[in-house]
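A.B. asks: Below is one structure. I have some questions about it.
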């Protein structure tokens with residue numbers, strides 16, 4: 001009996017030490033999916049696949065995460081090539097994330113870094129010393145070296161293993177490795193930017209142990225003639241009030257290159273003065289989207305792993321969407337929203353718009369500006385956006401972003417945004433905007449034979465829609481005659497000969513436009529402007545001194561007295577403002593509401609209806625009555641349940657995209673004739 005008990009005890013001991021007991025328990029699918037997605041990039045720990053590869057080779061994953069180099073060397077003969085390279089890339093990524101991001105933070109500095117600013121103040125010699133110090137730091141920076149190795153192993157995995165990327169297209173590991181590569185290229189690109197400070201065009205650079213050559217693709221020399229002042233990683237940026245961020249997944253990383261602000265001519269002291277210090281109307285974008293890739297020299301796996309030579313290729317994502325790498329065509333990553341979002345976030349255009357409307361003692365009105373949202377492309381037609389009262393290009397934030405994010409529209413159109421002072425009378429703004437647009441078209445296309453100079457699409461919201469209609473209308477003498485009716489015949493005759501009066505009241509359609517879209521535009525006035533709250537606000541609106549002086553000099557030359565000026569909307573010698581002109585009872589509305597749009601020009605309306613329970617003919621968007629926004633002869637009219645800011649609604653954006661596709665199709669048919 002005693003022997004039997006001993007035998008049973010021995011069996012229990014053997015079973016306990018040699019056999020593991022597997023237990024099964026059900027877990028929520030979401031928990032399992034979340035666990036599978038954890039890796040060095042998303043969660044700061046090794047992925048299950050990498051931890052398994054290390055554990056199967058008898059290596060401690062936690063120890064390897066702290067000291068990757070020995071583990072990478074030991075793992076190579078014990079794992080498949082793909083498993084080894086993927087694990088090595090992830091281990092180096094953990095090392096990169098653990099190192100301080102000193103170089104990247106310097107590259108992301110919004111303007112002059114303190115180091116550079118101090119160097120500039122100290123003189124050219126100090127600036128040179130500071131740039132040399134930056135280059136030296138980049139060459140030895142621990143985080144940059146780890147990023148280089150992350151990208152190197154990932155690059156080898158993607159292009160130098162037995163299986164092609166196409167054969168692994170459904171594998172989660174390949175997607176993770178591509179993300180490791182793209183994130184590492186972010187860091188290397190920012191390090192290269194820091195290393196190149198004060199050395200525009202210098203190549204190769206010493207970056208993270210690499211001799212790095214730089215190649216630019218799809219950019220004109222004029223677009224990148226200056227040294228950027230910052231380089232931002234697009235995928236680390238978040239934006240409030242931007243409904244979507246449009247990206248193209250692929251190889252490489254999207255960045256935003258921030259270029260210096262145009263140096264103004266005399267010293268500005270206020271926002272309005274700064275805006276008018278340079279009367280050049282066109283503004284090339286300061287925020288340029290770029291896509292960067294990193295390629296290592298060598299035709300074999302061992303050659304790539306040992307090489308200290310590499311090239312960073314920088315692409316214009318608006319012009320190049322793929323590249324040939326390792327003998328195969330590879331789609332390039334891109335971010336089409338980040339540069340636009342950064343521009344809006346840093347422009348302060350909304351503040352300047354309100355400041356120009358209400359700020360007292362304005363020396364002069366700022367001139368309209370035309371902002372290009374991407375580098376000028378002679379082969380893409382132009383969409384011109386004109387904002388409304390007390391507004392700025394920020395009014396178009398989601399509409400413009402949706403156009404930039406629509407691949408078919410992006411391939412055929414480029415965006416220009418008009419910014420103008422809405423306190424100025426509408427006829428004055430029409431003349432100034434027409435001049436600014438004409439100068440812009442002629443600057444980029446002096447011969448006028450680019451695709452961009454013909455059949456542009458004009459889109460206006462609210463007051464911007466009223467101005468847009470005037471830009472495509474022939475006034476003849478109608479506006480001039482209506483304006484002069486209130487004056488004594490002798491005074492009217494003198495005014496009729498004044499060049500300033502004729503420049504404001506006699507105009508023809510701009511030839512560059514081939515289609516117009518009006519959104520919530522008060523072509524016959526906005527009733528709300530005559531309500532007592534807005535009448536009080538209208539009294540607070542200020543006009544710049546140069547406008548008042550010009551008006552006073554005109555009245556003096558033509559011997560017009562105050563009583564006659566009052567008949568045409570002047571108040572105590574002050575001419576009507578933009579909001580005054582929007583009143584249905586204004587002289588402006590009486591003289592322009594029936595102006596015909598250029599014959600044969602297609603146009604469309606998008607109208608807001610605040611309360612759908614009210615009959616359409618009696619309805620409004622809260623500011624503009626339907627009867628004022630409606631235009632006979634429009635090719636289409638879309639009524640949307642919305643307030644006055646109809647351009648912000650998804651329905652209006654979808655309608656505009658539909659109209660643009662119609663425009664593309666019609667343009668294509670005409671081109672074939």
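Here, each number is a calculation from the coordinates, and none is a lab measurement. The structure displayed is predicted, hence computed values, not measured ones. Because the Cβ atoms are built from the backbone with ideal geometry, glycine has one as well, and the counts that use them run over all protein chains shown.
A.B. asks: Can you tell me the order of 145-156, 437-448 when each peptide is scored by its average per-residue count of other Cβ atoms within 10 angstrom, highest first?
C.D. replies: In decreasing order of mean packing, 145-156, 437-448 become 145-156, 437-448.
A.B. asks: Would you please state which residues of the stretch 438-473 a label at residue 241 would reach in this model, taking the label point 7 Å out along Cα→Cβ and a backbone N cut-off of under 19 Å?
C.D. replies: 461-464
A.B. asks: Here is a further query. Need one number: nm distance between label points at residue 306 and residue 76, each 7 Å from Cα along Cα→Cβ, rounded to one decimal.
C.D. replies: 1.0
A.B. asks: Right, next: Roughly speaking, what is the stretch gain from residue 617 to residue 585, that is 0.36 nm per residue apart minus the C-alpha to C-alpha distance, in nm to one decimal?
C.D. replies: Length gained, residue 617 through residue 585: 9.5 nm.
A.B. asks: Here's a follow-up. Quick one: if you stick a label point 7 Å off each Cα along the C-beta vector at residue 546 and residue 348, how many nm between them?
C.D. replies: Output for this residue pair reads 2.0 nm.
A.B. asks: Here is a follow-up. Given an 8 Å cut-off on Cα distances and at least 6 residues of separation, report the relative contact order of the stretch 348-672 as a percent.
C.D. replies: Contact order relative to length: 20 percent.
A.B. asks: Please sort 43-49, 215-221, 314-320 by packing, taking for each peptide the average over its residues of neighbouring beta carbons within 10 angstrom, highest first.
C.D. replies: 314-320, 43-49, 215-221
A.B. asks: Now, a different point. Which three numbers, in whole Å and largest first, are the semi-axes of the equivalent ellipsoid of the stretch 348-672 derived from its Cα gyration tensor as √(5λ)?
C.D. replies: 32, 23, 19
A.B. asks: Would you mind telling me the antiparallel percentage of the DSSP bridges in the stretch 348-672, rounded to 5?
C.D. replies: 20
A.B. asks: What length, rounded to one decimal in nm, is gained on full extension from residue 447 through to residue 503, with 0.36 nm per residue of separation minus their alpha-carbon distance?
C.D. replies: 17.6 nm
A.B. asks: Within 10 Å of each residue's Cβ, count the other Cβ atoms and sort 193, 296, 239 from fewest upward.
C.D. replies: 239, 296, 193
A.B. asks: Efficiency by 1/(1 + (r/R0)^6): what FRET value for residue 593 and residue 220, r their Cβ-Cβ distance, R0 = 60 Å, to the nearest 0.05?
C.D. replies: Taking R0 as 60 Å, the efficiency between residue 593 and residue 220 is 0.85.
A.B. asks: By count of other Cβ within 10 Å, fewest leading, how are 473, 80, 203 ordered?
C.D. replies: Fewest to most other Cβ atoms nearby, the residues stand as 80, 203, 473.
A.B. asks: What nm distance separates the two modelled labels at residue 641 and residue 477, each placed 7 Å from Cα along Cα→Cβ?
C.D. replies: For the pair residue 641/residue 477, the computed spacing is 5.2 nm.
A.B. asks: Something else: Want the number for residue 488 to residue 627: 0.36 nm per residue separation, take away the alpha-carbon distance, what's left?
C.D. replies: So the extension gain works out to 46.6 nm.
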